[in-house]
Amino acid sequence: MAEEKKVVIDNEDGDSAEINLQMDQPAPEVEEIDTAAELENLKAELNAKDDRLIRLQADFDNFRKRTAREQADIAAVVEQAFLKDLLPLLDNLSRASDAMENADVETLRKGIEMIKQETVAVMGKHGLEPIEALDKPFDPNFHQAVGTVKDDSKADGTVAAEFQRGYIARGRVIRPSMVQVVNNA
């Protein structure tokens, strides 16, 4: 049978309440726990996890450093390959400079044109492409307008003149074309 116990609770305001507590079952027996052994087990487990965390952090830091080093090495190899491709251009410019004393203007013009074509080929090999601007619609993503001109033979917003060629490398604008745009208004 359940045992009933009355408890009276008084609060600071002077009010009181009476509560009837029914005790259906006796309080469970409390098992004695070896707290010292349990504490030692928890400390050992925590130390093992701390050690694992420190090792993971060190591994990640080493991975980050190794990745940065590998990226720098790859960039250096690409840069060296590019510079190696530019060496024949430098050689041809030196030859043209040396030949200026004895060559006529037409020979120099042809030599410079050949060097220009070779430069365009080397740059193209490395992903550089010129932006086509003349007589194309003005596009602020590829062109930089530095002036306007009135030209009734062309539609408004058309590129009338290109002052400096723009370039794209692997889909990204390296330098926009500096252009003059038709404005007939």
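The values are calculated or read from the model by the stated rules, or taken from the named source; none is laboratory data. Fair warning: this is a prediction, and the values are worked out from it, not measured in the lab. Using ideal geometry, Cβ is built from the backbone for each residue, glycine included, and neighbour counts are taken over all protein chains shown.
Suppose the filter is surrounded by 10 or more Cβ atoms within 10 Å (Cβ to Cβ), in contact with a strand residue (DSSP E or B) (Cβ under 6 Å, 6 or more places away or on another chain) and acidic (Asp, Glu); does residue 113 pass it?
Numbers: surrounded by 10 or more Cβ atoms within 10 Å (Cβ to Cβ): yes; in contact with a strand residue (DSSP E or B) (Cβ under 6 Å, 6 or more places away or on another chain): no; acidic (Asp, Glu): yes.
Spelling it out, it is not the case that residue 113 is surrounded by 10 or more Cβ atoms within 10 Å (Cβ to Cβ), in contact with a strand residue (DSSP E or B) (Cβ under 6 Å, 6 or more places away or on another chain) and acidic (Asp, Glu).
Quick check on residue 71: is it out of contact with any Ser or Thr (no Cβ under 6 Å at 6 or more places or on another chain), within 27 Å of residue 178 (Cβ to Cβ), at pLDDT 90 or above and surrounded by fewer than 13 Cβ atoms within 10 Å (Cβ to Cβ)?
Details: out of contact with any Ser or Thr (no Cβ under 6 Å at 6 or more places or on another chain): yes; within 27 Å of residue 178 (Cβ to Cβ): no; at pLDDT 90 or above: yes; surrounded by fewer than 13 Cβ atoms within 10 Å (Cβ to Cβ): yes.
In short, no.
Could you look through the stretch 46-91, keep only residues that are farther than 30 Å from residue 169 by Cβ and either of a type in the set (Lys, Arg) or not assigned by TED's automatic domain parsing to the domain that holds residue 119 (or both), and pick out the one that is farthest from the chain's Cα centre (by Cα)?
Applying the filter and picking the extreme gives 49.
Residues that are over 30 Å from residue 80 (Cβ atoms): find the strands (runs of 3 or more DSSP E) completely inside the stretch 90-185 holding 1 or more of those. Give the derivation first.
On the way: elements: 128-130, 143-149, 159-164, 167-169, 172-175, 177-182.
Hits in the stretch 90-185: 143-149, 159-164, 177-182.
Count, please, the residues in the stretch 168-185 that happen to be surrounded by fewer than 16 Cβ atoms within 10 Å (Cβ to Cβ) and either at pLDDT 95 or above or of a type outside the set (Gly, Ala, Ser) (or both).
Narrowing the stretch 168-185 to residues surrounded by fewer than 16 Cβ atoms within 10 Å (Cβ to Cβ): 169-175, 184-185.
So of that shortlist, the ones also either at pLDDT 95 or above or of a type outside the set (Gly, Ala, Ser) (or both) come out as 170, 172-175, 184.
So the count comes out to 6.
Of all residues in the stretch 18-60, which are at pLDDT below 65 and touching a strand residue (DSSP E or B) at 6+ places or on another chain (Cβ under 6 Å)?
Result: 19, 20, 21, 22, 23.
Scanning the stretch 150-163 for residues that are of a type outside the set (Gly, Ala, Ser) and exposed (fewer than 13 other Cβ atoms within 10 Å of the Cβ), which turns out nearest to residue 118 (Cα to Cα)? Talk me through it step by step, then tell me what you get.
In the first step, residues of the stretch 150-163 are kept if they are of a type outside the set (Gly, Ala, Ser); the result is 150-152, 154, 156, 158-159, 162-163.
Add one more test, that the residue is exposed (fewer than 13 other Cβ atoms within 10 Å of the Cβ), and what stays is 150, 152, 163.
Details: 150: 37, 152: 38, 163: 22 Å.
Among residues in the stretch 150-163 that are of a type outside the set (Gly, Ala, Ser) and exposed (fewer than 13 other Cβ atoms within 10 Å of the Cβ), the one nearest to residue 118 (Cα to Cα) is 163.
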